[in-house]
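Have a look at the structure below, then the notes.
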Amino acid sequence: MTRASSASSSTADRARADSPAVPPPDSPSRPLLPPAKHQTSQHIEHYGAVDDPLDSRITTHDAVFGDLEDGGPDYRGVTPAGAFVLMAKANFGLGVLAIPSVFDKLGLLPGIAAIVGIQAMYTWSASFIGPFKIAHPEVYSLGDAAYVFAGKAGREVFGALFIVFFVFCAAAALVGVSVGLNAVTSHGACTALFVALAAVVGWALSSIRTLSDVSWVGWAGLMSILSAVITLTAAVATQDRPASAPPHGPWDKNFKLVGHPSFVETMGALNVILFSSASSPIYYGIVSEMKDPHKFTKPVLSTYAFLTSFYVVVGSTVYFFCGQYVASPALGSAGLFLKKVCYGLALPGLCASLTIFNHVSAKVIFVRLLAGTRHLAANTPRHWATWLGSTFGTMLSAYLIASAIPIFSSLIELSGAVFCPITAIAPMILGWNHDHLWSKRDTPLSRRERITAAINALILALCVFLTVAGVYAAVVDLLRETTYTPPWSCENNSGPVA
C-alpha cells in the first residue's frame, strides 16, 4: 500500500468516526412526516420509517401499506387537488340530485337553514380527520380510527358499518344510473337489465387500484354532473312547465317560503340532507393516500364550501321554478327533451359516483385481508385475486340491494338515517375526544379545548336524535313506496318519457 493511499484511508476512517450517528427509525428526533421536498428523493421516509440508504431503488415505507417499491401501485400519489375532487365527487354526484326535493317538503327558508346547519356539522367533524391521521399514521379506514378510541369491538362495529353504508351508496348510484338510462332511451329496456349493466360497468371502473388513478374518473364525473346541473337550472328557468306537471292548461307549483310538513316528512328531508354530504368516512383513506397529509385540511374546507353553495343555489332555484313538481332525482324536473339531455350529461358522473363508492368499500376489505403481507403492495397473483374479489363482492351486494329497493329517494333517505350520523359525524368527534380528553385526563384543558368539547357533546346528542327519528321516518316511507314498486321490477323509474 502506498503512503498516499494509507493517508487517504486514515482520513476517511477519521471522517466516518467523527460523523454523527444516524438516529434509528423510531427515534423521536425524526419528524412524524417528512417535508414535502423529500417526497421526490430516492430515499423516502414516511411516518418515521427509514429505508436502507444503500438501496438505490425508489422505495417508500408506509404505516398502512408497508414497503412501496418502484413499479408497484402508487398508494401515496393523491395531490390536494385530487383529494378535493374525490371528496367533492363522492358527495356531489347523488347529493345534488336529491336536494331540490327537500325544499318541497320544508319550504325555501327552512330548507336553506337545514342545509347550512347540517353542512356546518360535517365541516366541523371532518376537520378533525387530518390531525387524527397524522397522530395515528396506522389508520386507513373508519374501522382503524374506531380501534384507536374504542378498541377491537369498535373496529369491528364501525368497520362493518362503513362497508355496509358505502354498499348502500353504491346501490343508490346503481338506481341513479338505471334512471338515467331509462330517461335517455325512453325506457328502452327492462329497468332490472339497466341495473345489471350499471353493475358491470361499475365493477370494471372501481377495480382501478389506487385513489390517485380513480381521481381522474372523479374529475370527469364532477364535470359531467356540473354540466348536467347547470343545464337543468337553465332548463327549469326557461321551460313552460316541469316534466311532471299537467301537460296542458294551468298548473300550480305550490311554492312555499315556509312549509308545514309532518314529522315523517321533516325527518325524511333531513335524511336527504344528511346523505348529501356523508362521504366523510372515506376521507381517512384519501388522507392516507395523499403525498403530504399535512395538506388535507384545505381541500376539506374547499369541498364543503363548494357543496354548501351549490346545494343552496341549485336546490332553491330548481324548487322556485318547479315547486311541487320537482323530481327526485332532480334531473327529471326538466322538460321531456331536456331531461334526456341532462341525464345524458350526468351518466358519466353517476358512474363516477358508483366507482368511488364501490372502490372505497372494497379497498377496506382488501387492506384488512392482506395487512402485514407483501401482497398488499406487490403485483402478485394473490394481490390481484383479493382485489378483484373484493370489488366484485361489494358490487354484487350493491346490485342485490338496488334490485330489491329500486326507488332512488327511498334508498337515499334510508341510508341517510341509518348510517350518516353514526359513521360520518360521530366517529370523527370521538377521535378528537380520545386525543384531547380521554388520553390526557391529568392535563388541564385549554379554553379552546373546553369550547370544542362542549360543541362536540351537543353534536353527539344531535346524532342520536337524527339516527332514531330518521330511521323511523325512513322505514315508514320505504313501506309506503315499495307497495307501488316491487323488487326486480322492469317498470320505468324515470318518470314520463313521452
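Sticking to Cα atoms, compute the Rg of segment 84-154 to one decimal and its Dmax as the biggest Cα-Cα distance, whole number, in Å.
Final numbers for Rg and Dmax: 16.4, 45 Å.
Just want the ordering: 445, 354, from fewest to most Cβ atoms lying within 10 Å of their own Cβ.
Least to most surrounded, the residues fall as 445, 354.
Where a ≥ b ≥ c are the square roots of the eigenvalues of the C-alpha gyration tensor, would you call segment 78-481 rounded, which needs a/c under 1.5, or, failing that, prolate if a/b is larger than b/c, or oblate?
Oblate.
What ranking do 181, 174, 274 get, fewest neighbouring Cβ atoms within 10 angstrom at the top?
Arranged by neighbour count, lowest to highest, 181, 174, 274 become 181, 274, 174.
Provide the three semi-axes, in whole Å and in decreasing order, of the ellipsoid equivalent to segment 182-222 as defined by the square roots of 5 times the Cα gyration tensor eigenvalues.
26, 13, 4
Which net charge results when you count Lys and Arg as +1 and Asp and Glu as -1 among the other residues whose beta-carbon is under 11 Å from that of residue 319?
Net charge around residue 319: +2.
In segment 408-439, which residues have a backbone nitrogen under 16 Å from the label point lying 7 Å from residue 450's Cα in the Cα-to-Cβ direction?
437
Please report, for the Cα atoms of segment 170-252, the Rg to one decimal and the Dmax as a whole number; what are they, in angstrom?
So, for segment 170-252, Rg and Dmax equal 16.7, 54 Å respectively.
Among the lysines, which have Cα under 16 Å from the Cα of residue 256 when same-chain residues fewer than 8 positions away are ignored?
105
Dividing the Cα radius of gyration by the Kirkwood radius, what Rg/Rh value follows for segment 323-464?
When Rh is taken as the Kirkwood radius, the ratio is 1.11.
If Lys and Arg each add +1 and Asp and Glu each add -1, what is the summed charge of the other residues whose beta carbon sits under 10 Å from the beta carbon of residue 291?
Every neighbour counted, the sum reads -1.
Just so you know, all these numbers are worked out from the coordinates, no wet-lab data involved. Note that the coordinates shown come from a computational prediction; the quantities given were computed from them, not determined experimentally. Neighbour counts are summed over all protein chains in view; Cβ atoms, including those assigned to glycine, are modelled from backbone coordinates with ideal geometry.
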